[in-house]
1. Whether any residue in the stretch 14-21 is of a type outside the set (Asp, Glu), modelled with pLDDT of 90 or more, touching a His at 6+ places or on another chain (Cβ under 7 Å) and within 22 Å of Arg113 (Cβ to Cβ) is what I want to check.
2. Provide a single number: the residues in the stretch 31-66 that are out of contact with any Ser or Thr (no Cβ under 9 Å at 6 or more places or on another chain), farther than 15 Å from Ala98 by Cβ, not hydroxyl-bearing (Ser, Thr, Tyr) and not in a helix (DSSP H, G or I).
3. May I ask you to say which residue of Ala127, Ala98, Ala123 is among the small types (Gly, Ala, Ser) and either in contact with a Cys (Cβ under 6 Å, 6 or more places away or on another chain) or touching a residue at least 24 places away in the same chain (Cβ under 8 Å) (or both)?
4. Looking at the stretch 66-84 only, could you name the residues that are under 22 Å from the mean Cα position of the chain (by Cα), modelled with pLDDT of 70 or more and either farther than 18 Å from Lys33 by Cβ or hydrophobic (A, V, I, L, M, F, W, C) (or both)?
5. For Arg113, state whether it is closer than 30 Å to Lys60 by Cβ, at pLDDT below 85, assigned to a helix (DSSP H, G or I) and among the charged types (D, E, K, R).
Amino acid sequence: METAIIQEKIYQIRGEKIMLDFDLAGLYDVETKVLNQAVKRNITRFPEDFMFQLTPTEYKNLKSQIVTSSWGGSRKLPFAFTEHGVTMLAGILRSEKAIHINIMVVRAFIALRQVALQYKELAEKLAALENTNNQQFNEIYQALNFLIDKKQKEEDFHQRQRIGFIK
């Protein structure tokens with residue numbers, strides 16, 4: 001399975017990058033109900049900064065962001081697992097596939113973090129470049145305005161009403 005497929009299942013809610021219980025269940029090849037039962041049996045491993053349940057508004061907003069929804073009709077609001085919560089899942093789902101998928105999920109979170117850092121650096125460089133160019137363009141505009149004003153003054157001087165002796 002590719003990291004890009006996993007990254008598509010990582011969403012941002014409450015300022016956290018999260019994965020939803022049914023997406024994780026699909027990756028681990030278990031039913032969502034089975035995943036949630038395993039979590040509930042080990043709930044002390046999942047404090048609120050590792051896992052939380054979405055509110056109806058968050059769930060509705062999340063569904064509206066994804067154009068092609070394959071979620072079907074869920075009766076319960078999904079649980080959201082942060083990166084630490086996903087890592088903790090490896091301890092309660094003990095299959096080889098769960099361990100393998102968990103490693104890939106952690107790598108996907110790391111890749112997203114690296115992209116975010118690169119984006120921040122790029123944004124900072126772009127802002128610095130924009131400030132430099134804005135200053136240079138301001139100087140160019142001032143020079144052009146000076147030349148336009150000078151030309152206008154020369155034209156005004158030549159078109160003025162002449163006084164004195166006319167031949």
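The values are calculated or read from the model by the stated rules, or taken from the named source; none is laboratory data. In this text the structure is predicted, and so the values were computed from the model without any measurement. With ideal geometry, Cβ positions are generated from the backbone for all residues, glycine too; neighbour counts draw on all protein chains shown.
1. Checking the stretch 14-21: not a single residue is of a type outside the set (Asp, Glu), modelled with pLDDT of 90 or more, touching a His at 6+ places or on another chain (Cβ under 7 Å) and within 22 Å of Arg113 (Cβ to Cβ).
2. Residues flagged as out of contact with any Ser or Thr (no Cβ under 9 Å at 6 or more places or on another chain), farther than 15 Å from Ala98 by Cβ, not hydroxyl-bearing (Ser, Thr, Tyr) and not in a helix (DSSP H, G or I) within the stretch 31-66 amount to 6.
3. Ala98
4. Passing the criteria: Phe79, Ala80, Phe81, Thr82, Glu83, His84.
5. Considered against the rule, which asks whether it is closer than 30 Å to Lys60 by Cβ, at pLDDT below 85, assigned to a helix (DSSP H, G or I) and among the charged types (D, E, K, R), Arg113 comes out as yes.
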